[in-house]
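Structure first, commentary second.
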Amino acid sequence: MSRENVEVVRRIYDQLALGNFWAIAPLLDSQISWDWGSDMALVEGSTVYHGPQGVEAATREWLKAWDGARIEVEEFFDAGEQVVAFVHIYARPKHGGPEVEMRSANAWTVRAGLATSMKGYTRANARKAVGLE
């Protein structure tokens, strides 16, 4: 099942890269927990959201600070029902200034073909959190 779990997470990022937020809704469990995590330097305010509507709110809240942002996945790590994605984030501040870059990681849990949780980490902490180190 783990290869399928990586594919679920890959499809989520593929749709987000296209700006198709609602295309990911069928891939999210109705009770998904979305936790930016304390390691996410580019996130302010509330960090934990629930359900697809919460994920939308989290995404909108995060995007408010930026004129443009994109997330590129550099690598996936298969940990059974958990998947770690090493991501590279690029964002342009809304009020000018140079583009900001950040490398971080997201740890996903996937059950029965649906993402049930996502939590943000530093790359150093993500693999440890899912038992890969």
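The values are calculated or read from the model by the stated rules, or taken from the named source; none is laboratory data. Remember, it's a predicted structure, so these values are computed and weren't measured experimentally. In this analysis, Cβ positions are derived from the backbone assuming ideal geometry, glycine residues included, and neighbour counts consider all displayed protein chains.
Things worth noting here:
- Flag for Ala85 being closer than 17 Å to Glu4 by Cα and touching an Asp or Glu at 6+ places or on another chain (Cβ under 7 Å): no
- In segment 37-74, the residues that are of a type in the set (A, V, I, L, M), over 15 Å from Glu99 (Cα atoms), modelled with pLDDT of 80 or more and surrounded by 13 or more Cβ atoms within 10 Å (Cβ to Cβ): Val55, Ala57, Ala58, Val73
- Qualifying position, being touching a helix residue (DSSP H, G or I) at 6+ places or on another chain (Cβ under 6 Å) and within 23 Å of Lys128 (Cα to Cα), among Val73, Val6, Val87, Val48: Val73
- Matching residues, segment 112-133, being in contact with a Gly (Cβ under 9 Å, 6 or more places away or on another chain) and not in a strand (DSSP E or B): Thr122, Asn125, Ala126, Val130, Gly131
- Pro26 fulfils the conditions (1) touching a strand residue (DSSP E or B) at 6+ places or on another chain (Cβ under 8 Å); (2) surrounded by fewer than 17 Cβ atoms within 10 Å (Cβ to Cβ) except for a single criterion, (1).
- Residues that are in contact (Cβ under 8 Å) with a residue 60 or more places away in the chain and surrounded by 12 or more Cβ atoms within 10 Å (Cβ to Cβ) within segment 1-23 comprise Ser2, Asn5, Val6, Val8, Val9, Arg10, Ile12, Tyr13, listed in sequence order.
- Residue within segment 101-111 that is among the hydroxyl-bearing types (Ser, Thr, Tyr) and part of a helix (DSSP H, G or I) present: no
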